[in-house]
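Peer 1: Below are the structure tokens for one structure; questions will follow.
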Amino acid sequence: MKILFCDWNGTLLDDMPIWDEARRKTFLAFDVKPPTVADYFRELESGDYLEVYRKRGITASRDELNAIYEPAYEERLADAVLFPEVAATLQQLHEKGVRLILVTSQQETLVVPLLNKFGIRHLFDDCAFHTFDKKAVITEIAQRNDATLNQCYFIGDSPSDIRHAKKAGAIAVAFIGTHIPEELMASADHYIRSFDELINLL
């Protein structure tokens, strides 16, 4: 493993209940019944959340959706914590020379304060925020670091994360939590339930 690309929400950060409450409020603001978590991720083909809203007839812009979602999410953001073993595992990987790259669709303003709060910002060699084409980020950073794609791992908790990793040619690691059905991650190369299991992939 030369490079580890990490998703943020639901992978490093245990914030799924907070995210779920915020996205439910966003759908309900348009008098639309929110999809279940499983249906939401089943429909999230590209990794861009706009497609799920569009399928339900919501034509609001990204800025309009964020104006509802972000305050609702930030309201409970203090409750979010890292998953167990995340900080220690990232530190161990960093010390072993693995380049750590954060790739998230989340806004930078919602991520950086938490990276600083948990003391892990310095462990990342690069961060890509508000990114929906994670395949392009993986490809570009791998080339910049002269890394072959079989040296690049991407860990994420959603089917779209796994699809982007596979399309880029990277090794896809599914982080299996309690919110997204495991069967939606069937194409992953590896499955882990505890973050420290990443060390076994070195």
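Peer 1: Rounded to the nearest 5, what % of DSSP beta bridges with both residues in the chain are antiparallel?
Peer 2: 10 percent
Peer 1: For segment 6-102, state the semi-axes of the equivalent ellipsoid (square roots of 5 times the eigenvalues of the alpha-carbon gyration tensor), sorted largest first and rounded to whole angstrom.
Peer 2: After diagonalising the Cα gyration tensor, the semi-axes are 30, 15, 12 Å.
Peer 1: Just to check I understand the Karplus step: with θ = phi - 60° and J = 6.51 cos²θ - 1.76 cosθ + 1.60, what whole-Hz values come out for segment 38-53, glycine and proline as x?
Peer 2: Values per residue, Gly and Pro as x: 4, 5, 4, 6, 5, 8, 7, 5, 8, x, 9, 4, 4, 5, 5, 5 Hz.
Peer 1: Let me ask something additional. Within the chain, how many Lys pairs that are eight or more residues apart, or on different chains, come under 21 Å at the alpha-carbon?
Peer 2: So the count works out to 12.
Peer 1: Moving on to the next point. About the Cα centre, and with charges only on the beta carbon of Lys, Arg (+1) and Asp, Glu (-1), how big is the dipole of the chain? Nearest 20 debye, please.
Peer 2: The calculation lands at about 340 debye.
Peer 1: Starting from the Kirkwood radius over alpha-carbon pairs of segment 47-153, derive D by Stokes-Einstein at 4 °C in a medium of 1.567 mPa s and give it in µm² s⁻¹.
Peer 2: Taking Rh from Cα pairs, D becomes 81 µm²/s.
Peer 1: Could you give P(r) for the chain, binned at 10 Å from zero, as whole percent values over all Cα-Cα pairs?
Peer 2: 9, 37, 38, 15, 2, 0
Peer 1: Among residues other than Ala67 whose Cβ falls under 15 Å from its Cβ, what is the net charge (Lys/Arg +1, Asp/Glu -1)?
Peer 2: So the surrounding residues net to -2.
Peer 1: Which listed residue (Ile171, Val137, Cys127) has the Cα farthest towards the positive end of the charge dipole for segment 127-202, taking +1 on Lys and Arg C-beta and -1 on Asp and Glu C-beta about the Cα centre?
Peer 2: Val137
Peer 1: Using a probe radius of 1.4 Å on heavy atoms only, what accessible surface per residue do you get for segment 1-91? Whole Å² is fine.
Peer 2: Accessible area per residue: 44 Å².
Peer 1: Rank by packing, highest mean first: peptides 160-170, 84-94, with packing defined as the count of other Cβ atoms within 10 Å averaged across residues.
Peer 2: Ranking the peptides 160-170, 84-94 by packing returns 160-170, 84-94.
Peer 1: Per the 1.4 Å probe, what fraction of the accessible area of segment 43-163, in percent, lies on carbon and sulfur atoms?
Peer 2: C and S atoms contribute 47 percent here.
Peer 1: Roughly how many whole Å is it from the C-alpha centroid of segment 101-171 to that of segment 1-54?
Peer 2: 17 Å
Peer 1: Hey, can you grab everything whose amide H is under 5 Å from the amide H of Ala128? Only 5+ residues off in sequence or another chain; H modelled, so Pro and N-termini drop out.
Peer 2: Hits under the 5 Å cutoff: Leu102, Val103, Thr104.
Peer 1: With a ≥ b ≥ c the root eigenvalues of the C-alpha gyration tensor of segment 114-202, is it rounded (a/c under 1.5), prolate (a/b larger than b/c) or oblate?
Peer 2: Rounded shape, in that the Cα axes give a/c under 1.5.
The values are calculated or read from the model by the stated rules, or taken from the named source; none is laboratory data. Here the structure is a predicted model, which means the values were calculated and not measured. Glycine gets a Cβ as well: all are built from the backbone with ideal geometry, and neighbour counts include every protein chain shown. Quick note on the areas: whole protein, heavy atoms, side chains included, nothing else; ligands and nucleic acids left out. Shrake-Rupley method; radii C 1.70, N 1.55, O 1.52, S 1.80 Å.
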